[in-house]
Each structure stands twice: as C-alpha cells, then as structure tokens.
Amino acid sequence: MFVSRVILKNWRNFCSTDIQLGQKVFLLGPNACGKSNFMDLFRFLRDMVKPGGGLQSAVQRRGGLSKIRCLSARQSPDVEIEVHLSDSLSQELLWQYAIGLRQQNHGYHRLYLTYEKVRKGDKLLLNRPDKEDKKDELRLTETHLERVSANREFRDIADFFESVSYPVPQYIRHPDFFSGIPEDQFGQGLMERIEKTFMNIRRSRFKKINEVLMTAIPQLRELTYITDNIGGPHLEAAYQHWYLIADKQREDQFSDGMLRLLGVLWALLERDSILLLEEPELCLNSGIVRQLSELIRRLERTQKIKRQLIISTHSHELLTDKKIRGNEVLLMTPGNDGTEVCVASDKEEIRNLLKGGMSIAEAVLPLADPSNISQLGMLFTDPAKSD
Ligand SMILES: Nc1ncnc2c1ncn2[C@@H]1O[C@H](COP(=O)(O)OP(=O)(O)O)[C@@H](O)[C@H]1O
Ligand SMILES: [Mg+2]
C-alpha cells in the first residue's frame with residue numbers, strides 16, 4: 001500500500017493542499033517552506049495509532065493544535081487531514097481516511113474531532129459524529145482508528161500508519177542525550193530492530209550493507225552484529241589501516257557519515273510501508289550522494305514488496321540522476337497563503353527542460369531557491385568601501 005493522495009487544510013504551512021503522491025517522492029523547496037512539516041504529517045498519523053499513542057498525545061507532542069494550525073488560516077478554524085491509500089501494484093484506490101480537528105473555545109479547551117470518516121473503495125465504513133458521539137461528546141476526543149476495539153473493519157489503515165519509519169541514526173551514538181525523546185525509533189531503536197530481525201534475514205541484510213559500506217569507506221573490512229556478555233546488541237566495524245593492523249570499533253565510535261549511511265541502508269532493506277528520509281545527503285561524501293538514488297533503485301529491485309519513499313533534499317548531487325522523473329518531484333513554493341505544492345512535471349517549463357535531457361538538479365533545483373537569493377552575498381556592505 002502507499003499514500004497516493006494527501007488533502008490538507010491548515011496543516012502548518014499548508015493552508016490548502018491537494019496533492020497526488022507516487023511511490024517515490026522527492027520534496028524540493030527553499031528552507032522553511034515546509035518539507036519537514038509535510039513529512040511530519042506521516043509521523044503524526046503514526047503517533048496517533050501507535051500503542052500508547054493516540055490523537056491527544058500526537059497533538060500534544062507538537063505543542064497543541066494552535067502550533068499545528070496554519071498561521072495564515074482564514075476561514076475555517078479546523079485542521080483537516082485526508083489521506084488516500086492505494087495498492088502498490090495495481091494502483092487501485094483502497095482506503096480514504098479523513099479527520100477534522102478543532103479546539104473548544106470554552107471550558108477545558110479540549111481538542112476534539114469535528115468528523116472522522118473512513119471509506120473502503122466507494123463504501124463509507126465510518127462517518128462520525130454518529131449517534132453515540134452525539135450522546136457523549138467526550139468520545140470525539142479519540143479517533144476510532146486509534147482504538148483496537150473500534151477499528152476492526154479498517155485496521156489495515158492503522159497498521160499501515162504505524163509502520164512509518166524515519167531513520168535518525170545519530171541517536172545510536174548519543175543514546176543518553178536523546179533518551180528524553182520518546183520512542184524515536186532509530187538510534188537505540190535501530191539496534192533493537194536489528195536485534196529483533198531473524199538471524200538469516202539479518203545476515204543477508206548485513207551482506208548487502210557491507211558491500212555498500214566497504215565501497216564508501218575503503219578502510220572498512222567488515223561490519224558485524226555482535227552481542228556483549230550480557231546479551232546487549234552491538235555493531236562492530238573492523239578496519240584495516242595502512243600499517244596493516246586490524247582495528248575494531250563499536251557503534252558509539254562510528255563517524256556521522258557511517259551511521260547515516262548505515263541507518264539509511266537498513267531502513268531501505270526493511271519492508272515498512274513508508275520510509276521518510278530527511279536530507280539523506282547530510283554528513284555524506286558527495287560521491288556517495290551522487291550514487292544514492294541509483295543505490296536506492298537497486299536495493300528496491302532486490303525487495304519483493306514495494307515501499308513508499310519520501311525524501312527531502314537540497315542536494316544537487318542526489319538529483320543529478322537522470323532516472324528521477326518529473327512526476328516523482330514535489331516542488332514547494334512559499335507564498336502569502338502558505339506553501340503551494342505542485343508536481344514538478346505539471347509545469348510545462350520543467351517538462352520541456354526534462355525532455356531536453358536535463359536532470360532534476362538542473363531543471364527543478366534552481367526553482368527551489370528563494371526568489372531574491374542572489375542578493376544574499378550583497379547584504380553587508382564592506383566597511384572599507386562605505387563612508
Ligand atoms: N502552524 C504553522 N503555520 C504556518 N507556518 C508554520 C506553522 N508551524 C511551523 N511553521 C513554519 O514552518 C517553517 C519550518 O518548516 P520546515 O518544515 O521545518 O521547513 P523545511 O524543512 O522546508 O526547511 C518555519 O518557518 C515555521 O515558521
Ligand atoms: Mg527540514
């Protein structure tokens with residue numbers, strides 16, 4: 001399954017957005033246009049349905065509805081989210097899930113649902129508020145999707161949202177520093193995921209990861225999974241130095257780039273439904289970044305199940321790959337009424353440039369620059385030249 005369409009009202013920078021998504025999505029746009037906020041929608045849905053989560057805590061984690069609601073929202077006060085899920089192979093529309101959120105402007109200022117709807121194909125399975133909700137309005141502080149006792153008919157949606165993943169591998173190295181951050185899955189979470197994977201699968205994934213890492217980090221001889229004497233999971237990298245002495249390091253000594261690459265590779269080899277990669281180019285050598293898109297494609301080919309990949313990037317290198325298609329790129333442009341999102345190939349000028357043989361880096365990336373960026377270098381006058 002994959003998210004094939006997202007309709008947002010008043011979600012952060014996105015006052016009113018209706019956009020189709022494919023199975024691979026590159027998010028491009030200037031700083032602060034909302035790439036991370038767009039990705040956060042998927043984390044929000046995950047927070048809503050995960051065990052111990054729920055609508056209230058998902059909103060609270062984000063500082064309350066007033067932080068989520070678009071600052072330039074005019075008419076409707078509600079935050080509205082609608083997500084369509086389609087079959088990865090046939091592209092057939094399977095599910096539609098929609099909620100509206102509002103905060104009471106009196107009493108306890110409770111956050112409540114103005115509606116919750118689920119459609120399976122063209123059949124409306126859930127349409128709240130229903131009779132029970134009208135009798136007891138507190139029910140509207142929870143979604144049916146988050147409640148196992150209420151979501152039996154459409155649990156596939158909850159399971160799908162729960163498997164959203166987003167690697168932040170630097171957590172591995174500083175687990176104590178990040179321990180206050182609830183459940184962010186990679187980091188110690190990555191170690192747990194590696195530990196819980198069946199031995200045979202783990203071995204085959206490490207084989208692939210080693211092939212990539214050994215190319216990217218020439219002195220690396222092997223990365224292995226080990227357990228310490230109390231059974232704790234660890235990663236061990238063996239290096240061969242010029243003086244031919246093998247040296248071993250544990251995960252807390254790995255470089256940022258190595259952790260990042262490792263986290264991205266492991267996530268790509270997992271079969272979760274949606275993988276969010278925020279600026280995967282960070283900490284990585286430009287040669288690796290240039291190969292990343294091809295590498296992702298190859299790894300995908302080795303997986304039987306197709307998964308959705310949403311990648312935000314500013315990287316010219318990543319986008320030089322000419323196999324990235326215009327309809328895989330969403331261009332975000334900030335404006336007075338929030339950020340506008342469009343599929344890059346819907347713009348004729350971009351289509352023509354791509355047809356003429358340009359890469360996304362050449363055809364689209366310049367449009368992701370802020371309009372007056374060329375002035376940046378002129379901002380501060382040279383005191384020697386000024387009066
Ligand atoms: N509720 C909101 N309404 C409007 N803008 C918001 C809201 N919440 C955050 N923002 C804006 O979103 C911007 C950050 O977006 P972000 O997704 O981090 O950008 P990017 O990842 O593209 O650099 C900030 O400028 C912030 O002011
Ligand atoms: Mg960002």
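Values in this text are rule-based calculations from the coordinates and carry no lab data. Predicted, not measured: the structure shown is a model, and the values here were computed from it. No Cβ is skipped: glycine too gets one built from the backbone with ideal geometry, and neighbour counts run over all protein chains shown.
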Decide, for region 193-252, between rounded, prolate and oblate: order the square roots of the alpha carbon gyration tensor eigenvalues as a ≥ b ≥ c, take rounded if a/c falls under 1.5, and otherwise choose prolate if a/b is larger than b/c, else oblate.
oblate
Set the Förster radius R0 to 25 Å, insert the Cβ-Cβ distance between Lys355 and Ser76 as r into 1/(1 + (r/R0)^6), and round the FRET efficiency to 0.05.
0.05
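Quick one: of Lys24/Lys67; Lys9/Lys131; Lys207/Lys306; Lys35/Lys117, which pairs are farther than 24 Å apart, Cα to Cα? Working shown, then result.
Values: Lys24/Lys67 29 Å; Lys9/Lys131 26 Å; Lys207/Lys306 21 Å; Lys35/Lys117 27 Å.
Cα-Cα > 24 Å for Lys24/Lys67; Lys9/Lys131; Lys35/Lys117; rest within.
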Pop a pseudo-label 7 angstrom from the Cα along the beta-carbon direction at both Arg155 and Thr227 and give the gap in nm to one decimal.
3.0
Put one equal scatterer on each alpha carbon of the chain, apply the Debye formula with no solvent term, and list log10 I(q)/I(0) at q = 0.09, 0.13 1/Å to two decimals.
-0.61, -1.18
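Rounding to the nearest 20 debye, state how big the charge dipole of the chain is about its Cα centre with +1 on each Lys and Arg Cβ and -1 on each Asp and Glu Cβ. Present the calculation step by step, with values, prior to reporting the outcome.
Details: 54 positive and 53 negative charges, 187 e Å.
Dipole magnitude for the chain comes out near 900 debye.
Mind checking region 256-315 for trypsin sites (Lys or Arg not before Pro) that DSSP puts in a loop (not H, G, I, E or B) and that have at most 14 other Cβ atoms within 10 Å? Intermediate results must be reported in sequence, preceding the final value.
Values: sites: Arg260, Arg271, Arg290, Arg297, Arg298, Arg301, Lys304, Lys306, Arg307; in loops: Arg271, Lys304, Lys306, Arg307.
Listed in order of number, the matching sites are Arg271, Lys304.
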Just subtract the alpha-carbon distance of Ser286 and His109 from 0.36 nm times their residue separation and send over the number in nm, one decimal.
58.8 nm
List, largest first, the extents of the alpha carbons of region 1-124 along their principal axes, each in whole Å.
48, 38, 31
Residue-averaged [θ]222 nm for the chain, counting only DSSP H segments that reach four residues, each worth -39500 (n - 2.57)
-8000 deg cm²/dmol
Where the centroid of each part is defined by its Cα atoms, how far is region 276-301 from region 28-64 in Å?
24
Per-residue HN-Hα couplings for region 36-47, Karplus 6.51 cos²θ - 1.76 cosθ + 1.60 at θ = phi - 60°, whole Hz, x for Gly and Pro?
5, 5, 5, 5, 5, 4, 6, 5, 4, 5, 5, 4
